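The values are calculated or read from the model by the stated rules, or taken from the named source; none is laboratory data. The structure displayed is predicted, hence computed values, not measured ones. With ideal geometry, Cβ positions are generated from the backbone for all residues, glycine too; neighbour counts draw on all protein chains shown. The protein model used for the area step is the full one, side chains on, heavy atoms only, and it has no ligands, DNA or RNA in it. Shrake-Rupley method; radii C 1.70, N 1.55, O 1.52, S 1.80 Å.
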Amino acid sequence: MSLTARALLLDMDGTLVNSDAVVERYWRIWAAEQGLDPEQVLKVVHGRQGHATMAALLPDRPVERNLADNRWMLERETTDLDGVVPVPGAPAFMAALATLPHALVTSADEALARARMGAAGLPMPEVRVTAERVGASKPDPEGFLKGAAELGFAPADCVVFEDSEAGIAAGRAAGMRIVGIGPRAGAHAPDAHVRDLEQVRIEALPDGTMRLHFSD
């Protein structure tokens, strides 16, 4: 199977970087403090900004408390990089994209994105849409639409790489095709689904587009 695109929009956590160990450490702490079942919390945390997840889990909780807890979590996750590694195939994938249109679209803020990409040994894309740059978290499509606009391409010409339900929903709402990465993505009907980035090969075509090849 293959897809053709003019630009790629890349999620970070679970797509380029495996940060599950860190994410789960701090969400387990938060869940216990709220009297919530950590296993149920971990089912919904991936892909969103932290305060959006908190609001979904505790809809009556004051926004200020969610924002304060979100700041606490970001501070710790930015300095705790134990267990942060590249998703298999990510270094070669990013190297193949170096001269091709692509952007990072992540629910992490700029500091956390830099820390995790650095810990994983991956280059930071020149174009990136981080948490500070959007008014609404995934599953809202704002981040992907901003990424496409900054790269100068229509949504239909872009392919999103995502691992989470919220991210896949955001990409679909933006009118983009989706490549699902890893086990979380398979249940949400992406246009293509791979185990990791080792199963993706990028072919630059003479007309400036790129063809994405997916192997079993």
For region 57-110 (alpha-carbon point model, no solvent) the Debye-based log₁₀ I(q)/I(0) at q = 0.28 Å⁻¹ works out to -1.15
Percent antiparallel among DSSP beta bridges confined to the chain, rounded to 5, stands at 40 percent
A 1.4 Å probe over the protein heavy atoms gives the chain a carbon and sulfur accessible-area percentage of 53 percent
Over all directions, the chain yields a Cα convex hull whose mean projected area in nm² is 11.0 nm²
Taking K138, K43, K146 and ranking on accessible area (1.4 Å, protein atoms only), highest first, one gets K43, K146, K138
Rounded to whole Å², per residue accessible area for the chain with a 1.4 Å probe reads 44 Å²
HN-Hα couplings for region 8-13 via Karplus (6.51, -1.76, 1.60; θ = phi - 60°), in whole Hz with x for Gly/Pro, come out as 10, 10, 10, 5, 9, 5
In the neighbourhood of F93 defined by beta carbon distances under 11 Å, the net charge of the other residues (Lys, Arg +1; Asp, Glu -1) is -1
